Structures are given as structure tokens and as C-alpha cells.
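Reviewing the structure listed below.
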Amino acid sequence: MAPGGLKAVVGDKILSGVIKSVKKDGEWKVLIVDHMSMRILSSCCKMSDILAEGVTIVEDINKRREPISSLEAIYLITPVEKSVRALIADFKDSTFTYKAAHIFFTDTCPDDLFAEIGKSRVAKVAKTLKEINVAFLPYESQVFSLDDPASLYSFYSSKTNEGRNKMIENLAEQIATLCDTLNEYPAVRYRKGPEENAKLADEVYQRLTAHKADNPKMGEGPDKARSQLLIVDRGFDPISPILHELTLQAMAYDLLDIKQDIYIYQTTGIGNAKEREVLLDEDDDLWVQLRHMHIADVTKKVTELLRTFCESKRMSTDNANIKDLSQMLKKMPQYQKELSMYSTHLHLAEACMKKFKTSLDNVCEVEQDLAMGANAEGEPLKDAMKSIVPVLLNNDIEAYDKIRIILLFIFHKKKGITEENLAKLIQHANIREDSKIITNMQKLGCNIIAGGCNAGKMLPDRKERTESTYQLSRWTPVIKDVMENAIEDKLDRKQWPFISDPAPINTTQTAVSSARFGHWHKNKSPTEYRSGPRLIIFVISGVSHSEMRSAYEVTRATEGKWEVLIGSSHILTPTSFLNDLNGLD
Amino acid sequence: MRDMLVRLKTINEEQEGSVTEHSKHEFDEHNGTLLRQAVIFESSSPLDVILKEAQTIRKEIALLCSEVTRLNANNERYATTVSCLSLLKKDSDAIARRIRHRGESVYAHLQALGNKSKQLEEEEGANSAVCRIAQTQYSTLTHAFQAAMNDYNKAEEKERKICRKRIQRQASILGKDISDEQLDELVDKGGEGWTELSQDFHPHGIGSCRMAMCDIKGRHKELVELEARLKEVHELFLQMATLVEEQGSVLNNIEVNVCRTAGYIEKFNDNVKRAIQYKKKNPFLQCCPCLPCWGIIIQQCNKQ
């Protein structure tokens, strides 16, 4: 099943608008990208997609490239100085690197750079020049990223004060291209408190208005007036990014070493034992099914699915397990794709459980108690210090895990702890080198030291939830409460002010308006046109996997009426978050 | 999307107005390219060869896919009609045969492309554009081929299922219910299975039941042949799966592809230029061109 949502929309826009638009039968082209555009392209298209449309090779504009003068080139780049200079350099001397150029910018090219191109030889060989207005990564069908892992540093380090306004402008432009691509013109709201929230929200509103002038389709359609865009800072919920999560995606990215979304493991296939690299993305149907499931359910589910699969293909095997799969593969090689998928996820789940059982069983229980303020039976936590000390004194537990416990302890204390007590804890845990991480949390607006710079700032109250959960998964990210309230129009206007007054909501519909009726004549692909309103959430400086999962859960609960999108400058793992904090100052 | 080409051309033309005349004649206004001094070779470049070969394979895979579509259409008719079943079966046999031959041909071409790609890697280096193009085409076409063959497998599965259901339905009319496992066994036994099957039937009347018996005999034969058809293609599936496994699936990801490419080094030209310079600069060669070795020895003495 092809990926839907954001990925489908952006993939379609790029494939049709860029690659297919310059396709000529019988002629192949070279595609040239820079870092950001490559990430955008890679997250929604595969090599096979672009090869099917006449592109035969993809090159990095910033690397020295071999001239291929018999082929024309498609440049898909961001309008920044480095890329533009490289483009001009390709056509400088008497021998051109490529036969001609079709140029596509991800968003608006600044006038000075544009003039430079105009005055160079590129203008002679340019057959196309367009701005596509896609400056964000569609990471998943309901998750977007702006591909800036240094965002925490840019926003909260005291060393980056000067460039901050420019950075906020760029961020706002990127968010605006997201709304533009989705044809949304949402009401912009922000969490009252940190000044960067208000600044960013204001900037986004201005960019949105500018984009709407060029694209009047934004915000058009029944119910679209209810769409909202929420700007929230990371310090609003510092617990979700450091808690050990036991759903498959969050757990895998936290405990295993997964880089660039590639999972590597050892297995035997048709050939002998070797390393296999697998991309964990939405092209893998099983991943989409399993990624938000609790780990205890995952192995059960995969084994069940595998058994059903084997039965339907009349493969004789009583205990379908990891070792058996290579036998099955040799007997029925036409099911390689399916069997590989089962093998990957069995291995993934097993690897997660192995890591968990070595040291995290106890730790997770303590974490959940601290985060919830109560134990699994619902009794309030009496002596938090008593429960964390054994963990801190345990030498088998890694430093970062101890830091996570200490932070959760401090957040549990609500008013922070004294410097003395903090020093004692650090000493017990023996983590002096990394202790900066804890104090740097204050830069996010969190209350760490009692009576310190953030005294009086409280973490938000959370909803009472009565659904049954696993004992070690009682915590719900705060953003889920916000999502539900926003959809029900119960989000407090004082704590979450609007930038401009939202359009009045029509609670009584005078005419029956259907998403399908009246729009048949407009040439819209089903992926682009979504009739219901959208809630788009932008978290400054990183979003965690549990928060991403909340977006899907809340969407499902509305039974398709709303679509919740969430995104940030980058996707966090607990380790990367703590590393970022360490490097703040 | 905003089209900015006109604006670009305008800026360029405005600039042109202030540029001196002599640079203009270098441009061929009609297709905007510089006239280059180039030696045109009669034979096609390795790049052209690879791209042509890739295009051929692509066309063959497309033809394979259309045959699979034909098979599916045939299956639809088989499922819904009550007459001419053996004719339809003959058609699907013919289509399956064509698919197998084409599949084997595509596989052979893919192997050739793979070999050529390895050859290019040795000759031009793994990082050269033509080698990377060959590798990308090879891996993409392998996956496309696998997808086409998987569709074929699905079509065969469907036909088999329909046939089995038919047998089971007709057998129950004749008074004997056959379970899935029993049917598996009977098919495995081939022709002998039929004698076993027919023994258990109790035909009530003569006329209509004889028709039913004929029918079921025909279906049983078809099912056995279907299974045999799939066994013939098994080797091809195995070869293809091995190929896909060797290549891995990560190269289909654009980011991995781009990141694993190193920068282009103009090795040959640079080295030659440098060698010529050094040769020119060597004073001993200039004085005594027939005694280059003396020059080297004296140079080394000078160094010490």
C-alpha cells in the first residue's frame, strides 16, 4: 500500500510538478540536489519512482561532479548562496557540465541571488525555472520535519542571539510552505509564556498571508475555517522526550542504534548469513501496522500474522519462527518481500526486548511512578527519593538513564529541588561530567533549582485518563490533551491566544455541503483534497515519538473528521535530546 | 508553483544589452549552447549503450506486465463462465508459457547488465557516472522485474484457487465433500489421484452426472497442470530472489544513494598535466635528452 497523507501529497507534487513536467520520451536526465532538497525528495520518493520518469542518476550539487554533457539536468535545490553558486559554476567555462538546466527552487529565491543567476550563462541554458513551495520533510503521513537538528542550540543557547530573528523568519517560511502545500489557511495560536512562541506565531501568520495572496486556494473548502496551527515550545512538556517508551517505534529508536531510519541486523536468507539493511518507513506495511503498538503485543501480532500467512500459502511449518524463515524462503522465493518483512520485525522486537531485559525493567517502573505521581495501583507516591536511590547507586545502569531518572524526580517535585540536593543526587549517581544536562534544562523554561530563574513556572495539569494501559505505559504526552481540547474547541484562549481573531464557526449548516459534491470539476487528486479541518502542531526544538503517536491516536478517535499533523525542526530520541542539552552552553 | 523563467530571461536580456559585441557570436541563439570543439566518435559511448540496454529491459518488463494483465482477464472469464473452460485453460497455458519465456529473457538481459556494470566498475571506477548509472538501472530494473513476477504469481494463485473451489463444489454435488488437505494430496498424486477421486463418487442418475464427472475430471487435470506450471517457474523465482537479496533494498532510498557517492576526481587529466610539467622543468632532460637517467641520479645527489 502506498504511503498516504503528507508523503503522498508531497511525493505527488514533486513527481508531477518537477520530474514528470520535464520528461521527454527516450531522453534521460540527471537530477541534482543539495542537502535539504535531497532529504525532502528522499522522504517521499524512491529511486525507482524517479527512474520510471526519466531520471537516471542523482548527484549532490556540493560534490565535485563528472560532466555528463549529453544529458540535461534537473536542479532541485534550496535558494541559498552555496547551491546557487554551484549551479552557476556548472555553466561557467566553455564546456558545460550538462546539456541544459531545468531549475526548481524549494521556495522563494532572494532577489540578489536571482539577479546573479540572470546575469550568468545559466540563464541561456535554463529551460525551466520554478519555485515549488515545499521546504519541509514529510517524515510520515502525519508528521513533518524541518530538518534542523541544531534547532535547540539556535533557540536556547545564549551564543546565538543575533541570528535568531533571521532563523525565526526562515522557520516561519518553512511552516508556511507546509500550509501552502496542503491548501490550508489555519488560525494561528501559540502557548502563552516563552516569547519565542509569540514571535514565531506572528511571523508564521505574516507568511501565511503572503502565501495566500499567491495561492487563493488556501483555506478554501467546507470546514477549513476551523483548521488551527498551534505553536508550542519544548519546555512545555519535558517529560515525554526523556521517558522510556515501550511502543515499537519509540523503543527501537531509543534503545537500538538506528541511523537514517535504517535498521541493520544479521540473518540468513537464500544465501548465507549476512548483514541486512532495512529502511523503516511507510512503504513497509507491517511497520505502519506495528510501530505504535506496545512491545508486548508486537511479537504476538507478528507471529500470528506469519502463521496466518503460512497457512494461506499452505507452507508446512508448525513453529514459524525466525530460523524457519530462511527455509520457507528457499521453498517459496516468490514471497521474499513478505517473508523479509516478517523477519525484520521479529528481529526488531527481539532486539528491543533483549535490551529492555538487561537493565530497564526496574528503571521503567520508577520512571512511570515519578511521571504519574502515583504507582500502578493509583496510590500517590510517598517517598520518591527512596525509589530512585537504588537506581542511582546501581553501576549497571548507564549515565544517561540515571540523568533521565533525576530529571523525572525533579519534575515530580514540581517546585524544583535545592542545589544541595541536586549535588547529592549527582554524586550518588556518579555522573558529574554530564550534570550540565540537568541545569541546562532551565534554558527551556523548566523549574529545576527551587527558587531559581524559573521559579513559579509549573508544568501543565494533565487529564485524568481511565483507559486501561500496561503498567509501564501509563504516561500520556501532554500534547495529547492539547490536541483533544483544540478539536473540541475547549482550548483556553488566555493560555493559547490567537494571533488574529478566527473566523466565526458555523455550528448550524444551512446547506448540505458534501466534500464530493460541487468539487468534481476541480482537478484535485484525492490525496490533496481533504475535506475536514486540520490541526497542525509545531513543537519548537524537537518532537518525541510518543507525541507523534498521539497525533495518530487523536485522529483515529475523531473517526476521520479531523486530521492532526505534528512536526518540529527535527525528531528527537532521548539520547539526542540529552546530547543537545549538554551542548547548549 | 511559481514560474520565474520569463523574469530570468528578462534580466539576462537586460544584461546582454550592456555586453560588448564580440562575446555574442560565441552563442548559437537558437538552442542556447556554446559551439564546442568536439571530436565525434562513430561508436556509441558506454553511457549510451547502458541507457539503451536499460530501455530495452524496461520495455520487456512492460510487455511482461501486459501479459499478466491478459492472464488476469482470462482468469475472470474462467471464474464466471460455465462453458469453454478447457479452451480458456489452453489460453492461460499459452499466456503462462509466454510469460515464462519472457521472464527468462529479462533475467538473462538483467544478468548481462549486471556483468556490464561490474565491468564498468573495474574499468572506470565505482564512482564514475556511467558505473553508477549502470548500477542504479540494474537494481531498479531487478526490483521492477520482481514486482512483475510477483503479480504473475498472484494471478496464478487466483486461478488455482478458482479451480480448487470448482472441484470441491462439483464433488459435493456428486455426493462427496473434499477438504483442502485432501485436495492437496490428490493433486500431489497427479493422474493416480483421479482414479482415487472417481472411486468415491456415487452417481445417482446417468446423464447429468456423467457431465459432472467429465467436468470434474477436466478440472482435476487442469489443477495438476497448474501446479506443474508453477514448479517450472520456481527456478526463475529463486534466481530472482537471490539477485534481489544480494542487492539489498536500501539502495532504492535516494539519500543513501547520494551519500554513498564520493566526489569526482579528475585523476587522469591532472596527473598527465603534472607529469608534462615536471618533464619540462627537468633541466637535465633539456640539456641531455638522451640521458634522462643521469638527470635523476644528479638530482638525487643534489638532494643529499
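Here's the picture: charge each Lys and Arg Cβ at +1 and each Asp and Glu Cβ at -1 in region B:46-248, and of B:Asn74, B:Val233, B:His101 the one pushed furthest to the positive end of that dipole is B:Asn74.
Here's the picture: charge each Lys and Arg Cβ at +1 and each Asp and Glu Cβ at -1 in the protein assembly as shown, and of A:Val18, A:Phe409, A:Leu243 the one pushed furthest to the positive end of that dipole is A:Val18.
On a C-alpha basis, how far is the centre of region A:423-494 from the centre of region A:127-148 in Å? Whole number, if you could? For region A:423-494 versus region A:127-148, the Cα centre distance is 31 Å. Using θ = phi - 60° in the Karplus curve 6.51 cos²θ - 1.76 cosθ + 1.60, the 3J(HN,Hα) couplings for region A:310-315 round to 4, 5, 5, 9, 6, 8 Hz; x is entered for Gly and Pro. Amide H to amide H, with H built 1.01 Å from N, A:Val188 comes under 5 Å of A:Leu229, A:Ile499, A:Ser500, counting only residues 5 or more places away or on other chains.
Amide hydrogen proximity for A:Thr97: with H placed 1.01 Å from N in the peptide plane, no residue at 5 or more positions away or on another chain lies under 5 Å. In order along region A:45-57, the Karplus-derived 3J(HN,Hα) couplings, from 6.51 cos²θ - 1.76 cosθ + 1.60 at θ = phi - 60°, round to 9, 10, 4, 5, 5, 7, 5, 5, 10, x, 9, 10, 7 Hz, and Gly and Pro are given as x.
Going 7 Å from the Cα of A:Ala374 along its beta-carbon direction, which residues of region A:448-479 have the amide nitrogen within less than 18 Å of the resulting point? Within reach of a label on A:Ala374, which here means backbone N under 18 Å from a point 7 Å along Cα→Cβ, region A:448-479 contributes A:460-478. Distant-in-sequence amide contacts of A:Ile32, defined by a placed amide H-H separation under 5 Å and a gap of 5 or more residues or a different chain, comprise A:Glu59, A:Ile74, A:Tyr75, A:Leu76. 3J(HN,Hα) along region A:64-81, derived from phi through the Karplus expression 6.51 cos²θ - 1.76 cosθ + 1.60 where θ = phi - 60°, amounts to 5, 10, 6, x, 10, 6, 8, 10, 7, 10, 9, 9, 10, 9, 8, x, 10, 4 Hz, with x in place of Gly and Pro. Adding -39500 (n - 2.57) for every DSSP H run of four residues or longer, then dividing by how many residues chain A holds, sets the calculated 222 nm ellipticity at -13000 deg cm²/dmol. Charge dipole of region A:6-134 (Cα centre as origin; +1 on each Lys and Arg Cβ, -1 on each Asp and Glu Cβ, all else neutral): 180 debye, rounded to the nearest 20. Within region A:319-392, the GluC sites (Glu not before Pro) that combine a DSSP coil assignment with at most 11 other C-beta atoms in a 10 angstrom radius are A:Glu377.
Note on A:Ser120, B:Ser83, A:Ser42: ascending count of other Cβ atoms within 10 Å places them as B:Ser83, A:Ser120, A:Ser42, the fewest first. About its Cα centre, how strong a charge dipole does region B:46-248 have in debye, to the nearest 20, once Lys and Arg get +1 and Asp and Glu get -1 at the Cβ? That gives region B:46-248 a dipole magnitude of about 960 debye. Rounded to the nearest 0.05, the FRET efficiency derived from the C-beta distance between A:Ala213 and A:Asp12 at R0 = 30 Å is 0.80. Restriction of the trypsin sites (Lys or Arg not before Pro) in region A:324-409 to DSSP coil positions whose beta-carbon has at most 15 other beta-carbons within 10 angstrom yields A:Lys382.
Between B:Ala275 and A:Lys357, the modelled labels are 6.3 nm apart [label points 7 Å from Cα along Cα→Cβ].
Counting every other Cβ atom within 10 Å of each residue's Cβ, B:Val224, A:Val58 order from fewest to most as B:Val224, A:Val58. Summarising the strand pairing of region A:1-159, around 15 percent of its internal DSSP beta bridges are antiparallel. Here the dipole of chain A is about 700 debye; that uses its Cα centre as origin and unit charges on the Cβ of Lys and Arg (positive) and Asp and Glu (negative). As a rough footprinting exposure proxy, the listed residues A:Cys179, B:Cys84 were ranked by other beta carbons within 10 Å of their own, and the order from fewest upward is B:Cys84, A:Cys179.
Would you work out if the protein assembly as shown is rounded, prolate or oblate? Take a ≥ b ≥ c from the square roots of the eigenvalues of the alpha-carbon gyration tensor; rounded if a/c is under 1.5, else prolate when a/b is larger than b/c, oblate otherwise. The shape class here is oblate. With bins 5 Å wide beginning at 0, the percent of Cα pairs of region A:248-356 falling in each bin runs 2, 12, 24, 25, 21, 12, 4, 1. Please name which of A:Ala225, A:Ala201, A:His211 has its Cα lying farthest along the dipole of region A:186-245 towards the positive end, using unit charges on Cβ (Lys, Arg +1; Asp, Glu -1) and the Cα centre as origin. Sorting the options by dipole projection puts first A:Ala225.
The numbers here are math on the coordinates, done by the rules we state, and not lab data. Treat the numbers as computed from the prediction; the structure is a model and nothing was measured. Ideal geometry is used to build each Cβ from the backbone, glycine not excepted, and the neighbour counts take in all protein chains shown.
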